[in-house]
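Remarks on the structure that follows.
The values are calculated or read from the model by the stated rules, or taken from the named source; none is laboratory data. As the structure is a computational prediction, the values presented were derived from the model and not from experiment. Here the Cβ is made from the backbone with ideal geometry for all residues, glycine too, and neighbour counts use every protein chain on show.
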Amino acid sequence: MVHNGDIDLQGNFKVLGVAPGSVKIGVTSPSPVQNKPPIKRAPEDPRSKIVAPVDTRPKPPSGAWFALPREVGDPGTSKLTGVVEPGKPLNISIGGAK
């Protein structure tokens, strides 16, 4: 089962609904800069009426975001594991991260 949470500017995160026990962990940090231009569609195309959700999360200041190694994004390849215990934080360290 997949669970997720947002990472704040201090590197903290909270993931709710995870059952106690051993876990495999994957961490992704997609670029907060959206350089993709909107797709132009003909007005009669039904998809032109769909409005994408707006990302309301605050953007980090310039220079605060950095890419993570690709392999840590997949719990199957990240080698990041831990044991979830009720009421206790689970600290993880990502090698190669800033």
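To keep it simple, each residue is scored yes or no on (1) over 16 Å from the mean Cα position of the chain (by Cα); (2) at pLDDT 90 or above; (3) not basic (Lys, Arg).
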{"residue": "50", "(1), (2), (3)": "yes, no, yes"}
{"residue": "57", "(1), (2), (3)": "no, no, no"}
{"residue": "60", "(1), (2), (3)": "no, no, yes"}
{"residue": "64", "(1), (2), (3)": "no, no, yes"}
{"residue": "67", "(1), (2), (3)": "no, no, yes"}
{"residue": "82", "(1), (2), (3)": "yes, yes, yes"}
{"residue": "87", "(1), (2), (3)": "yes, yes, yes"}
ask   = In the stretch 1-29, what residues are farther than 15 Å from residue 67 by Cα, touching a strand residue (DSSP E or B) at 6+ places or on another chain (Cβ under 8 Å) and assigned to a loop (DSSP other than H, G, I, E, B)?
value = 18, 19, 20
request  = Note down all Cβ pairs under 7 Å where the first residue falls in the stretch 57-74 and is in a loop (DSSP other than H, G, I, E, B), the second is of a type in the set (Asp, Glu), and they're at least six residues apart or on different chains.
outcome  = 57/6
